[in-house]
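Below you'll find the structure, written out as C-alpha cells, and then a few comments.
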Amino acid sequence: MIRIRPVSTPNVGMDFWTLCVRQQPRPQVSHGNALSRSSASRQVAVPLLVSAILLGNCAAFAAQPNPVLNNVFPAGGQAGTSVDVTIAGSGLTNVSELRCSHPAITCETENGKLFRLTIPADVPNGHYDLCAVTGNGLSSVRSFIVRHLKEQSEADANDTLDAASAVSLDSVTNGRIEKAGDVDHFAVEAKRGQRVVIECHAKRIDSKLRAVLEVYDSAGRRLAVNRGFFGIDPLISFDVPVDGVYRVRVFDLVYSGSADHIYRLSIDTGPRVAFAVPAFVQRGATSRVKLYGWNLSNESTDSDAGRFETVDVDITPPATGVSASPFRLGPPQIETTGFAYHYPGSHAPIRIGLSDVPVTRAVVDNHSPPAAQPISIPAEVSGQLVTSGELDWFKLEARRGEVLWVDAFGERIGAPVDLDVTILDASAERELARFTDQRQNMGGIRFPSAHSDPSGRWLVPADGQYCVLVRSLIGSSDDDPRQVYRLSVRREEPDFDLAVVPRRDDPAALNIPRGGRAIVDVLAFRRRGLTGAIRVSARNLPVGVECPDVWLGPGVNRVPLVVTAAERVDDFTGQLELEGHAASAGTKQARGGTVVRKGEPTGWSRLTDQIGMSIAGEAAIRITADGHGMRKHDLYGDLQVRHSPGSMLDVAVQVDRREIDYQAPVTITGVGLPSVIRNQKATIPAGRSSGYVSFYLPPTLAVGQYTIVIQGQTTVPTGPPDGKGVRKTESVTIFTNPVTFSVQPAAFIVDLDQDAPQRIHRGEVLQVKYSARRVNGFLSKIHTELFAPDEVRGIRGRGVTFVGQTNSGNIQIIANDDAPLGRQPFLRLFAVGVLEDEAVYHGSCFLPIEIVE
Amino acid sequence: MSRPGFLSIVLLVALPASSAEIPTVSFRNDVVPILTRHACNSGGCHGKATGQNGFRLSLLGFESDFDYRALVLESRGRRVFRGAADDSLMLAKATGRVPHGGGRRIEPDSEDYRVLRDWISSGAPGPRLDEPQLERITVTPDRGVLDTASSIDLLITAHYSDGRQQDVTQRGLYESNAPDIGDVDHLAHVTTASRGGLFAVMVRFGGQIAVFRGTVPFPPRADLNMSSALKAARANPDSLDRHLIAQWKRLNVAPSPAADDETFIRRITLDISGTLPTPDEVTAYVADSSSDKKSRLVDRLLERPEHASYFALKWADILQNRGRSYSSRRQREGTALLTAWARDSIAANKPYDQFVSEILTATGSQERNPPTVWYRSVRTTQEYVESVAQAFLGVRIQCAQCHHHPAERWSQADYYSFAANFARVGRKGGFADAEVPTSEVIFLKNDGEVAHPRTGVVMQPRPLGGPDFQLTRYDDPRRALAKWMTSPDNPFFARTMANRMWGHFLGRGIVHPIDDSRSTNPPSNPALLDALAREFVESGYDVRHLMRVITGSAAYGLSSKSTPFNRDDIQSFARFELRRLSAEVLLDSISQVLEVPTVFAGGPGKFPLGTRAIDLPDENVPISFLDVFGRPSRTSACECERSDDPALAQALELVNSKEIQRKLTAADGYVSRLSANDLSHADNVREVFLKVFAREPRSEESQTAIEFLESEPDRAEAYRTLLWSLLATNEFIFNH
C-alpha cells in the first residue's frame, strides 16, 4: 500500500491540519446568515489540491490496524535470567521490542519474532504487563510473571501418563494446550513428608485455558484433582505419601485448546501465601497479620486454619502513596488500595489492603445480637466468616441526621463470599437498612465492574445504638477460613477512583495517528457521596500531543477522553498519565484498564498499571468540534452562548480530509452525553466540510461542568482508483476534540405547548403557543425568536417579548411560498433573558415543525 | 374367617356429651365417602380439574368445604332440594332417573341412597368445625398369609377424633397392586389366584388410607429341599441373608444356585465399574481359591476410576445434569463440573448424607461450588419439590401439586410447605445465552415465599410430614431441610438410597419402582430393607459399605437361571435378574472388546481419544448408539427415564451401524491384531470368548468357531465375522 507522508509545506512548524484550519475559517453559528459553504470549500481546497498533485494523486489512508497481542510464550521468567519469548496476535507488524511494565526488564530482538527478555535479579516476584511495540503502535497487553524459581518449557510429546515429561521440584513449567483434546503430563520426583504445592496459572495470565489439575502416583492412581482454587485456576496442596515419581496432568475442562491456551505450572515446596487476616492494615502502622498458606511453618497454630498453615508476621505498610502493584486485578478491584508484601522465600507477593484509620479485628464470638461487638465510626473492621451461615454482629452509636456510608469488601479482596450488611435497631429486631450487591456495571462488557460486595448510604434516624449484621449469602458446606471480609462504616468522606478503558470491546492500546485523534473512556467510581464534577487532566504529554481536560459532570460516571497528535509529531511510545481532581475528594491518579479478550459473554477485562500510548500511522480524516461559537442575534448582536438547563448545546463540526478529491457524507452524533441528554444525529453531506449537531439540555440537568465528544462515521479511500476510476474504501469512526461546557443555573425554561401544530403549509401563517417558565427568581424581559444553528430556511418567526410576570404567549410563524419541504434540523424557539438591555440568559426548545405543500 | 355384619356396625366406644347436637348424617364423614366410593369425584368424572358438565368436586373428596359449596350452593342450589329430598337433582342423576353421563351409580334402595336422602332431608348441613374428624382408618387384618385360590374379608374401621369407631367396610374403596396374585372387590373381599407372591390392597375412606399386605406362598413341592437349595445358593443365615431366607421360606420359593466365578466377576465388574473384566482378571479370579476373593474383588473394583465414572453417570441422570435443549456451548463447563464433582465424591467415597447436603444447600458459582449446577436444571417450585422428593426421599409427590395425593397422605399443604424450603433460592449473574441463564450464582435471598394455590396462605418451610422448621430470618431453610433429611431417624432418606442401590445391583428394588415409596406400594421384603437402611445409617452413610453388603448377599450371587422352585417368582430375589447393559456400558464394552475407542463429537473442545461413554459429562454428546439404547434425556429425577426396552433400531445398530463397522475394521483394532498374530485359532478363540463373555468357550463353541475360522480364506474377515456374531448375542448384551 502506498502511503502519503505528511505534507511538506513552507510553513515550518505548522502541520497539515493547522494549515487547513488556518486556511478555512471556523464555522460560525449565525442567525439566518450562515457562512457560504461553497466559499469555505474553495478555500480549503487549495493546500490539499497542492499536496495531492505533489504526491501523484494516489494517496491511501487505511485505518491503522489495531495491534493485539493474543499470547506471549512463555508468559513469565525467572529473575536474574534471560528468557526467549515468542508472541502471537494480529496487527503485529514490524515488532521492534516487547515492553514490560517493570522498567528494569529489557528486551532484545534480532528478527522481530523471537524476543530475549532480560530480567534483573532484583525484579520482585509479581505480575507485570508486556506489550509489543509494532509498526502499528503499541499492542494490547499480556501478563508476564516473574518468579525466583527455575523455569522450563513443556516438552512436545507428553500426552499420556507414561509419556510424562520429567520436571524438577521447585520449578515452573511453561506449557500450552495447543489443540482441542490435548492433555499434558509432567513427572516430578518427591519425597515422603514433603508438602508439594502444584499451581496452574492460566486465566491469571490472560490464557484461554480453563485448567484442571490432577496428580497421579506411579501406579496410575489419581491422588488429587482441582478445578479451581484462585478463581478458576487450580491449585493442589499435596502431602507426599511415599518417595516416588508423581505425575501431574493438565488439561482443559471442556477439552478446548489453541495457541492461546497457555499456562504456567509451578510445582514447589517453598513457602506460599494464599491470603492474610486481616486483609488490610492501617497506613504506616506496624500491624500483626496472620498469613495462611502452605509450607509456612512446621505446624498449623490456628484451629480455624483448616487445610492451611499459618504464620504471624508484623507488617509495616507505606505511610503514603502506593507504588506500582505487581498484581493482576480485576475491574471491581479498582476501588481497593493495597501494597505488595513479600513473605521471605515465598513464591509471590500478597496484596495487603490499606486503611487510613485503625483496623478493628472482629472478635470470634460475635455471632448473636447479645454478643455484638462495639465499633465506633469511622470503623474499618476485619472479619472472617469461617463457618457457613455464620453471622457477625456489631453495634455502634450514631446520632440523628448523620449520614453513614457502609462498604463491605469480600469479592474485591478475593474472598469466596457474597456479603450482605444489615443495620438493625438496638434490639436487633427491626431491619432499618440492608446493603447487598453493588451490581451497577459502569464499564459494561468492556470493563465489567459490577461485584457482589454491598455498599450504600444510611441516614441515621435517631440518636442511639444500632446493630450491624454481616453475613454471606453463599458459603461452602465446609469451614473455610478464606471467607474473610472488610467492613467499612464511614461518615460522608467523598472519594473516587478513575479507570481508563478502551472505547470498544477490543483489546487495544491508545495509538494516535499523526494528524488524528484517539479516544478512550474514563470511568469514575464515586464513593461516599461524591456527586460533583471531576476534572481529568493529562500530565507530561510529549510535544505535539494534546489531551484537553475533560469533566465528569455531576453524577456522570463516564466521559470520553481524546488525545490529539500533531501532523509532524515525533515518534513516541510510552504512557499516558492522567489524574482526576474533585473539589471535595482531592486528586487521584487514573488506572489503566484493558479488555483481555473480546467476545466473552460477560466481558473479560482487568486493570493495568500503565496506560500505554504511542504515535502510530497517519489520519486520513480529522473532525474538529466547537461548542462555543457565538450566536448572532438580530436585536442583541453577537451573543456568547450561556448553557443552562433548558437550553441548547450547539456543536459546530469541521471535517478535514487528507484527500480532497474523495468526498463522502459524515454522520455525526454525540458521545459521552450525560444520561438525561438525548442524543442527536446529523449528517454533513459529501462535498461539505462543516455541519452542526445540537443537543437539548433538559431542565433536569444538574448545574456543572460537562464534556462530550462528537463521533463521526464516514468512509475513506484505501487505495488508488482502479481502471474504472472506482476506489476501494473502508468505514471509519472518528472523533472530535472534547467539547466541554459549563451548565449554569437557568433563568427560565422554554416549552412548546403540547398541542402546538407540527406542520405548516407553504405560505401559511401559524400561531405557536409556548411558555417561558421563569425559575430562580428571574423577572425580567424574555425575547423569543426562531433560530437554527446554521440558518433558518424558508420560514420566519415574528419575535415575541414577555415582560413583567408574563410567561406564555404565541409566536407567529410564516412559511414562505418556496420554503424547503420537510423538517429543518435543530430548528428551535430561542429565548434570551435580558438584564439591563443585555441578553444574559439563554433558553431554547426544539420546534419540530414540518413544512409541507 | 367370619365376615362382619354389613349394616353399620357402629362401635360407639365413647360418645361425646354433645352428640345430640351433631347432625345424624355428616357431610364430611358420611356423604363425601359415598361420593368417593361411587367414583363421582374420581379423576375421570367430576373430580377432574375441569369438572364434568359444569359440576366439579375435589378429587377423591379431600376438600369437603369445596365439595359442599359445589353440591349445595352452586347452580342456585338446584342440586339438593331440602323440601323433597328424593327430587334432588343429585339423587335423580345418581339413580339415573334423569339422564346422567355417568350412568346409574346408586340404587334407590341402597344404604348409600338412604344416607344421602337423610342428609338432604335434615337440611343438607355442611361440614362443621366442631364435628368429629376422621383421624385414621384401620384394616383388620392388616396382613395375612393366604393360600392360593382362597379368600378373606377385610374389616375397615374408621377412627374419629371423639373416640368413636365405625365399621365403614361397605363404604370404602379398594384396590390391589397385584390383582394376578390377590384381588379385591368393592366389599373388601380379597381373593387369591393360583400363583404365589406378594400383594397389597389399598383401602381408602374419607381421605384416609390403609393397606392390607398379603403373602401367598407358592404351592408346596415335595421335591423342594430348602436346606440344600440354600447351601447351593451360599445363603448365610447369620447375615442379612436371613431376611431373604425367611422370605423364600414364606413363599415356598427356593433360590437358584450360586453363579459360577466367571459369571460373577463379569456381573460385578459391570455393576460396579460399568466395564467388562479383562481375560486376565477373569482367569486370575477363577484361579484364586482364597475364601475372601469376592470381597477383595469388590474392594478392587470400588477403587477403580471406572467405578466413580459409572456411578457419576447414574447421579448425573438423577441430578438432571443436561446440556441438550439449552443450546449453549458454554453449558458444557457447568455440566462437566457437576459430573466431575459427582465423580470425585464417589471416588472419595464421600458419605451420602454429605453428598446430598452439598447439593441441597449449594450456593455460589459453579466454579466454586459445582453442585450449584443442579439448580440450572431444577429451577421451579415444582422441580424443587419433585426432584428432591423423588431423588432423595423416594417419594413421588407430584399429584399433591394440584390435589391431595390419591394414594398417599400427602396434601397440597405438604407439597407447598416442602416447596417453601426453596423459596429463598436466589439466582444472579451469569448470561442468558440460552433457554435459561448459564453460570448463575445461587444465593440465599432475603425474602421469597410460597403460597398455597387454593387458600393463598403463605406456607412455612417444613419437611415432608413434619412440623414447620424453627428458623430465624437469616437461616437458609435448605440447611434445616438437609439436616432433617440426613438425620438417622429420617424415615425416607437411608431407605431410599438402600433401595436404589439394591435396585441397581439386583435389577429390582425392594420397593419397586425404586423411587415410588408409599404405604400402598410396600416393600417386598420390609425386614430386608430396614436392615439395609440401618446398616447404611450405622456405617455413616458409607455407600461403598452399602455396596459391599448388597453384593455380598446371597441374592446378588445367584445364578440368573431359574429353577422349578422359583420360576414364577419375581419378587423375592430368588435368582439374579437378567438385564440389558445400559447404553453407555454396552458401547464401552464393544470398544473394549474391539480395542477401538469411540470418537465422541465434542464442543466446544474435543474429547480425548479413549474417553469412554461413562465419562461423558452430559447427554448432549451426539451419538445415535446411545440414544437408540435408551440414554435418558435427563428431564426428571426418575431413573426410569433410562429405557431398556428392546427396539428394532437396536438390532440394526448392532449389526449394521457405521460405528460397529469402524471398530471391526480399524487397522489398529483387536480384529486386526487377531488376524495378524501367529497364534492358533484355538488360542485366539479362547481369548475372544474371555474378552466377550468372560468365560472360556465350551468345547462345542470352540469347535464351531475354529471350523468357521478355518473355512474362511480371509483371516481378518473370519475374525471380524466371529466377533461381530458374538457381540450380537444376548450373552454379551445382557448382564446375567
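Would you mind listing the strands (runs of 3 or more DSSP E) fully within segment A:61-158 where at least 2 residues are touching a helix residue (DSSP H, G or I) at 6+ places or on another chain (Cβ under 6 Å)?
Per the criteria, no element qualifies.
Picking from A:ALA686, A:ALA664, A:ALA652, which residue would you name as being touching a Lys or Arg at 6+ places or on another chain (Cβ under 9 Å) and either in a loop (DSSP other than H, G, I, E, B) or among the hydroxyl-bearing types (Ser, Thr, Tyr) (or both)?
Just a single option satisfies the conditions, and that option is A:ALA664.
I need the full set of residues from segment B:473-487 which are more than 8 Å from chain A (Cβ to nearest Cβ), of a type in the set (Lys, Arg) and buried (at least 19 other Cβ atoms within 10 Å of the Cβ), in order please.
Within segment B:473-487, just B:ARG478 meets the criteria.
Before we move on, is A:ARG486 basic (Lys, Arg) and either crowded, with 23+ Cβ neighbours inside 10 Å or touching a helix residue (DSSP H, G or I) at 6+ places or on another chain (Cβ under 6 Å) (or both)?
Answer is yes for this residue.
Based on this model, can you work out whether A:PRO717 counts as in contact with a Lys or Arg (Cβ under 6 Å, 6 or more places away or on another chain) and without any contact (Cβ under 8 Å) to a residue 40 or more places away in the chain?
No; evaluated as a whole, the condition is false for this residue.
With more than 28 Å from A:LEU835 (Cα to Cα), in contact with a strand residue (DSSP E or B) (Cβ under 8 Å, 6 or more places away or on another chain) and at pLDDT below 95 as the only criterion, which of A:GLN767, A:GLN713, A:GLN758 stands out?
A:GLN758
Which of the residues that make up segment B:185-199 are buried (at least 23 other Cβ atoms within 10 Å of the Cβ), under 24 Å from B:LEU59 (Cβ atoms) and out of contact with any helix residue (DSSP H, G or I) (no Cβ under 6 Å at 6 or more places or on another chain)?
If the condition is that a residue be buried (at least 23 other Cβ atoms within 10 Å of the Cβ), under 24 Å from B:LEU59 (Cβ atoms) and out of contact with any helix residue (DSSP H, G or I) (no Cβ under 6 Å at 6 or more places or on another chain), then no residue fits.
Inspect all residues belonging to segment A:144-159 and state whether any of them is modelled with pLDDT under 95 and within 14 Å of chain B (Cβ to nearest Cβ).
Within segment A:144-159, one or more residues are modelled with pLDDT under 95 and within 14 Å of chain B (Cβ to nearest Cβ).
Output yes when any residue across segment A:190-201 is within 11 Å of chain B (Cβ to nearest Cβ) and in contact (Cβ under 8 Å) with a residue 12 or more places away in the chain, and no when none is.
Within segment A:190-201, none of the residues are within 11 Å of chain B (Cβ to nearest Cβ) and in contact (Cβ under 8 Å) with a residue 12 or more places away in the chain.
Give A:SER449, A:SER382, A:SER368 a once-over and let me know the one that is crowded, with 19+ Cβ neighbours inside 10 Å, farther than 19 Å from A:ARG528 by Cβ and of a type outside the set (A, V, I, L, M).
A:SER382
Name every residue in segment A:232-256 that is surrounded by fewer than 21 Cβ atoms within 10 Å (Cβ to Cβ) and of a type in the set (Gly, Ala, Ser), in order of residue number.
Of everything in segment A:232-256, those that are surrounded by fewer than 21 Cβ atoms within 10 Å (Cβ to Cβ) and of a type in the set (Gly, Ala, Ser) turn out to be A:SER237, A:GLY244.
Step by step: first the residues of segment B:362-378, then only those that are part of a helix (DSSP H, G or I) and within 11 Å of chain A (Cβ to nearest Cβ), then the one that is farthest from B:SER439 (Cα to Cα). Which residue is that?
The extreme case among them is B:PRO371.
Hand me the list of strands (runs of 3 or more DSSP E) wholly inside segment A:203-287 holding 1 or more residues that are modelled with pLDDT of 95 or more and within 14 Å of chain B (Cβ to nearest Cβ).
Per the criteria, A:211-216, A:222-226, A:235-239, A:244-252.
Scan segment B:52-65 residue by residue and report those that are without any contact (Cβ under 8 Å) to a residue 24 or more places away in the chain and within 21 Å of B:LEU173 (Cα to Cα).
Passing the criteria: B:ARG56, B:LEU57.
Criterion first (at pLDDT 95 or above and either surrounded by 15 or more Cβ atoms within 10 Å (Cβ to Cβ) or not charged (D, E, K, R) (or both)) does B:ASN684 satisfy it?
Criteria met by B:ASN684.
Across segment B:329-361, what is the total count of residues that are in contact with a helix residue (DSSP H, G or I) (Cβ under 9 Å, 6 or more places away or on another chain) and more than 8 Å from chain A (Cβ to nearest Cβ)?
Selection size over segment B:329-361: 20.
Residue check: is B:ASP569 touching a residue at least 40 places away in the same chain (Cβ under 8 Å) and in contact with a strand residue (DSSP E or B) (Cβ under 9 Å, 6 or more places away or on another chain)?
yes
Among what's in segment B:592-619 and is outside any loop (DSSP other than H, G, I, E, B) and more than 14 Å from chain A (Cβ to nearest Cβ), pick the residue that is surrounded by the fewest Cβ atoms within 10 Å (Cβ to Cβ).
Pass one, segment B:592-619, residues outside any loop (DSSP other than H, G, I, E, B): B:592-594, B:613-615.
Still in the running and more than 14 Å from chain A (Cβ to nearest Cβ): B:592-594, B:613-614.
Values: B:GLN592: 19, B:VAL593: 21, B:LEU594: 25, B:ALA613: 27, B:ILE614: 24.
Checked segment B:592-619; the qualifying residue surrounded by the fewest Cβ atoms within 10 Å (Cβ to Cβ) is B:GLN592.
State all residues of segment B:458-472 that are at pLDDT 90 or above, surrounded by 13 or more Cβ atoms within 10 Å (Cβ to Cβ) and either hydroxyl-bearing (Ser, Thr, Tyr) or under 25 Å from B:ARG396 (Cβ atoms) (or both); if no residue qualifies, say none.
B:MET459, B:GLN460, B:PRO461, B:ARG462, B:PRO463, B:PHE469
As an exercise: evaluate B:GLY197 against (1) under 27 Å from B:ARG534 (Cβ atoms); (2) without any contact (Cβ under 8 Å) to a residue 24 or more places away in the chain and give the number of the one condition it does not meet.
Among (1) under 27 Å from B:ARG534 (Cβ atoms); (2) without any contact (Cβ under 8 Å) to a residue 24 or more places away in the chain, B:GLY197 violates only (2).
So which residues in segment A:189-211 are surrounded by 24 or more Cβ atoms within 10 Å (Cβ to Cβ) and more than 17 Å from A:VAL596 (Cβ to Cβ), if there are any at all?
Of everything in segment A:189-211, those that are surrounded by 24 or more Cβ atoms within 10 Å (Cβ to Cβ) and more than 17 Å from A:VAL596 (Cβ to Cβ) turn out to be A:GLU199, A:CYS200.
Return only the number of the condition from (1) more than 14 Å from every other protein chain (Cβ to nearest Cβ); (2) in a loop (DSSP other than H, G, I, E, B); (3) over 25 Å from A:VAL732 (Cα atoms); (4) modelled with pLDDT under 95 that A:ASP571 does not satisfy.
(3)
The values are calculated or read from the model by the stated rules, or taken from the named source; none is laboratory data. Here the structure is a predicted model, which means the values were calculated and not measured. No Cβ is skipped: glycine too gets one built from the backbone with ideal geometry, and neighbour counts run over all protein chains shown.
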